[in-house]
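Undergrad: My questions all concern the structure below.
The values are calculated or read from the model by the stated rules, or taken from the named source; none is laboratory data. Remember, predicted model here, so these are calculated numbers, not experimental data. Counting neighbours? That spans all protein chains shown, and the Cβs are built from the backbone with ideal geometry, glycine included. The accessibility values were calculated without ligands, DNA or RNA, using every heavy atom of the protein model including side chains. Shrake-Rupley method; radii C 1.70, N 1.55, O 1.52, S 1.80 Å.
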Amino acid sequence: MDVFVTIGVKLIISFFGLWLITFITGRKTLSQLTPLDFLTSLVLSEIVGNTLYDDKVTIWHLLFALALWCALAYFFEKATTHFVKFGYMAEGRTVLLVDKGQVNQELLEKYDIEFTQLLSMLRQQNIFSLREVLYATLETNGSLSVMRKPEYEPPAAQDMGIDAQPDLFSVTVIDKGRLLNESMRGKTIDVELIKAKAREQGYDSINEIAYAELSEDGTLHVVPMKENKNQKSGGSI
């Protein structure tokens, strides 16, 4: 009877421990998992699985293992959030595979993506030809985000006989007061241009900006730091 009680207690502790780690990392669905998150979940499942039926591993051992893992997950998540470059190293960066309809073959080779794989990922979004794609980005979780050319957006503008204006493609250029030279692989940023546009909006220092993105039409959209109350949130030029 004591064995069943011990296993039951371990299961309850493991359940709430896994829930706590999921809560700390903020992941809601499997699609949000990065490769590092996936490997972490595998290691965590091994820790829990090996302790359930091992009599030599006590409840206190399980509590210690889960507490240490929670602490590691918490501090690592904070580090990837606070330190942008470290976050890129740990979780990777978004990769621009198709830019203005042109496939970046160098990045395809670098990430070992064949054209057949790219087309397969496009077909999952009901896109059956590369000529329909204006932009395509490979996200850190391995999924593909696509922006179609305006003439291929349903309903097709060319079928309705009207001129179509494409959506604007934007790239993150400032994150938590740090200027990003290349937040997206394949899209290099003109640092001096960003600084000039920020000054036009009244920001003398990049440290005053929490987030900024640059659209392909040259518009800089800015979200100021919370402490900077003199600026208008989300201003654009």
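Undergrad: Any idea which of GLY92, GLY8, GLY101, GLY17 is modelled with pLDDT under 70 and not acidic (Asp, Glu)?
TA: Sole residue among the options that is modelled with pLDDT under 70 and not acidic (Asp, Glu): GLY92.
Undergrad: Of all residues in the range 113-136, which are open to solvent by less than 20 Å² (accessible area, probe 1.4 Å) and among the aromatic types (Phe, Trp, Tyr)?
TA: TYR135
For every residue, the table says whether it meets (1) open to solvent by less than 40 Å² (accessible area, probe 1.4 Å); (2) at pLDDT below 70; (3) touching a Lys or Arg at 6+ places or on another chain (Cβ under 9 Å).
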| position | (1), (2), (3) |
| --- | --- |
| LYS28 | no, yes, no |
| LEU36 | no, yes, no |
| ASP55 | no, no, no |
| TRP60 | no, no, no |
| LEU63 | no, no, no |
| ALA73 | yes, no, no |
| TYR88 | no, yes, no |
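Undergrad: Out of the range 186-212, which residues are under 29 Å from ALA136 (Cα atoms), surrounded by fewer than 13 Cβ atoms within 10 Å (Cβ to Cβ) and not charged (D, E, K, R)?
TA: THR188, ALA196
Undergrad: Still on this structure: Step by step: first the residues of the range 137-153, then only those that are touching a residue at least 60 places away in the same chain (Cβ under 8 Å) and buried (at least 16 other Cβ atoms within 10 Å of the Cβ), then the one that is nearest to ASP99 (Cα to Cα). Which residue is that?
TA: Selected residue: THR140.
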